[in-house]
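To keep things clear, I will list the structure first and then write my remarks on it.
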Amino acid sequence: MECTRRNFSRSSLVAAVAAQSAPFVLKAQGRGKFRVVLIGCGWWGMNILTTALQSGRCELVGLCDVDERMIDAAVDALSGFNIKNPRRYRDFREILAKEKADIAIVATPDHWHPLIMIEACRQGAHVYVEKPVGHTVHEGSAMVRAARKYGRKVQVGTHRRVSSHNIRAYEFIKSGKLGKVASAKCFISYGGGAEKPKPNIDPPAGLDWDFWCGPAPLRHFCGDIDNGGRGGIHPRGFRNYLDYANGTIADWGIHWVDQVLWITGRTAPVSCHSVGGRPVRGPVIYNDREQTSDAPDHQIAVWSFADGFNLTWENRRFAGNNHMKGENVGVLFYGERGVLHLGWRHGWSFYPSNTKHEIISVAPQLHEPDNQNIKELWADFIAAIENDRLPACDILKGHQATAMCLMANLSMKLGRSIRWDAATESTGDVEADKLLKRKYRGEWSYPV
Ligand SMILES: NC(=O)c1ccc[n+]([C@@H]2O[C@H](COP(=O)([O-])OP(=O)(O)OC[C@H]3O[C@@H](n4cnc5c(N)ncnc54)[C@H](O)[C@@H]3O)[C@@H](O)[C@H]2O)c1
């Protein structure tokens, strides 16, 4: 049996519970599957889709990508699920209108998340959208409004909020064992060196490059699937091209900034200062023949909160090292009683200030591929739909964490500190406020 969106509405659930409250759980388990579409069939979209299919609660009804080769690869990868010839689409508007899916997974590059998420909600789908939620701050506010207006659940892919060791760190800090937490520092480092410009090439057959760029500026194409996309913009390389993403802080920083907001119970800072540059990667090059990426090779940001709490972020693409128990990534919570390093593959450790006390360590429980907790996040998403509650990584939380990363880039671009008024989502600085949104290209309209 196919479930329509109406099967999951609050009134159906209430009626079901009223009619037969005791067997409700069993009845819920016996219901049909959620009809799912995947929009953006790259690396992470396929991780989410396979997790959704493995849950046994979902069936795939269509794949959408502006690069046919990505759909071909997805179809191959899905052969183990006995899915033959799923319906294929290039245009997200068409797949959403025709399939009327219960759930849309949005795993495109960042600049596309807002328009696709909003259209999916408008067409009646609940949405699992990837982080960062958008490219500019006001897109995030529009996404929150759309989720509420259309009454849809929108889960953001910040899966660390449902990861077992992160939850135990949350409980440890909440219980007061770290004492008052006065500041925190998030970080990530990779090795790297000078960047050589890559030649501009014609977009390969099968890729609709104009559609890929969509509302963002149309750049010359470089890099390709054949070299794993590592060197160029697509696939996966867009993270370091500021037309489509916001560098490491918005790619990685959002995961860690989000956890600081969650664990310390905060929602927004009152000011931000950020600096960064490319002293190692070298100058940005962009001309008719060749181009480099344009994200900084290192960035430092400091956000201050009304109660005096300060959060620092630092990322580097040189001098990569695993200085925290083999980790190159994480957040350090500085409390009255010591330091807690919340990491990723190595779990977390608490280093007490009193050296007579023992170091406490907690191991992670992660899933392959890629050491993630999508399984838990997907289960939470389904439970949120069925129980008509907000998901763990609701779009508002994703927006708040994304906005912090974006305001850091804004400060770095302007070369000065900015104030932040979360109530009005503005800085009080005319030049900075202009950068909270951007002009869309061609037929696309900025979401309001
Ligand atoms: N939560 C996490 O831990 C995590 C991890 C990795 C990536 N991500 C996020 O997932 C998203 C995708 O990253 P990726 O590494 O899989 O990138 P990718 O390049 O492998 O995949 C993106 C796909 O989207 C397609 N696409 C572009 N525009 C489209 C459009 N308008 N309609 C349909 N498809 C379109 C591209 O052709 C590409 O196939 C990013 O936002 C990234 O930040 C999240």
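Please pick out the residue among Asn354, Asn315, Asn322 that is at pLDDT 95 or above, of a type in the set (S, T, N, Q) and surrounded by fewer than 15 Cβ atoms within 10 Å (Cβ to Cβ).
Asn354
Suppose the filter is more than 23 Å from the chain's Cα centre (by Cα) and within 11 Å of the ligand (Cβ to nearest atom); does Glu99 pass it?
Numbers: more than 23 Å from the chain's Cα centre (by Cα): yes; within 11 Å of the ligand (Cβ to nearest atom): no.
For Glu99, the condition - more than 23 Å from the chain's Cα centre (by Cα) and within 11 Å of the ligand (Cβ to nearest atom) - is not met.
Against the condition surrounded by fewer than 20 Cβ atoms within 10 Å (Cβ to Cβ) and either within 16 Å of the ligand (Cβ to nearest atom) or within 22 Å of Cys186 (Cα to Cα) (or both), how does Val302 come out, does it pass? Before the answer, list the steps.
Numbers: surrounded by fewer than 20 Cβ atoms within 10 Å (Cβ to Cβ): no; either within 16 Å of the ligand (Cβ to nearest atom) or within 22 Å of Cys186 (Cα to Cα) (or both): yes.
Against the criterion (surrounded by fewer than 20 Cβ atoms within 10 Å (Cβ to Cβ) and either within 16 Å of the ligand (Cβ to nearest atom) or within 22 Å of Cys186 (Cα to Cα) (or both)), Val302 does not qualify.
Out of everything in segment 60-82 that is out of contact with any helix residue (DSSP H, G or I) (no Cβ under 8 Å at 6 or more places or on another chain) and of a type in the set (Asp, Glu), what residue ends up being surrounded by the fewest Cβ atoms within 10 Å (Cβ to Cβ)?
This residue is Asp76.
Listed residues Pro283, Pro296, Pro269; which is surrounded by fewer than 16 Cβ atoms within 10 Å (Cβ to Cβ) and assigned to a loop (DSSP other than H, G, I, E, B)?
Step by step, each of Pro283, Pro296, Pro269 is checked, and only Pro283 is surrounded by fewer than 16 Cβ atoms within 10 Å (Cβ to Cβ) and assigned to a loop (DSSP other than H, G, I, E, B).
When you scan segment 74-94, how many residues do you find that are at pLDDT below 90 and basic (Lys, Arg)?
Number satisfying all stated conditions: 1.
Out of Glu386, Glu358, Glu431, I need the residue that is more than 16 Å from the ligand (Cβ to nearest atom), among the acidic types (Asp, Glu), assigned to a helix (DSSP H, G or I) and free of Cβ contacts under 8 Å to residues at least 24 places away in the same chain. Which one? I'd like the intermediate steps shown before the answer.
Details: Glu386 fails: free of Cβ contacts under 8 Å to residues at least 24 places away in the same chain; Glu358 fails: assigned to a helix (DSSP H, G or I).
Every option except Glu431 fails the conditions.
In segment 308-345, which residues are touching a helix residue (DSSP H, G or I) at 6+ places or on another chain (Cβ under 9 Å), part of a loop (DSSP other than H, G, I, E, B) and within 27 Å of Tyr190 (Cα to Cα)?
Passing the criteria: Arg317, Gly343, Trp344.
Considering segment 357-382 alone, what residues qualify as being among the small types (Gly, Ala, Ser) and surrounded by 14 or more Cβ atoms within 10 Å (Cβ to Cβ)?
If the condition is that a residue be among the small types (Gly, Ala, Ser) and surrounded by 14 or more Cβ atoms within 10 Å (Cβ to Cβ), then Ser361, Ala379 are the ones that fit.
The values are calculated or read from the model by the stated rules, or taken from the named source; none is laboratory data. The structure presented is a predicted model; accordingly, all values stated were derived computationally and were not measured. Every residue, glycine as well, gets a Cβ built from its backbone with ideal geometry; the counts of neighbours run over all protein chains shown.
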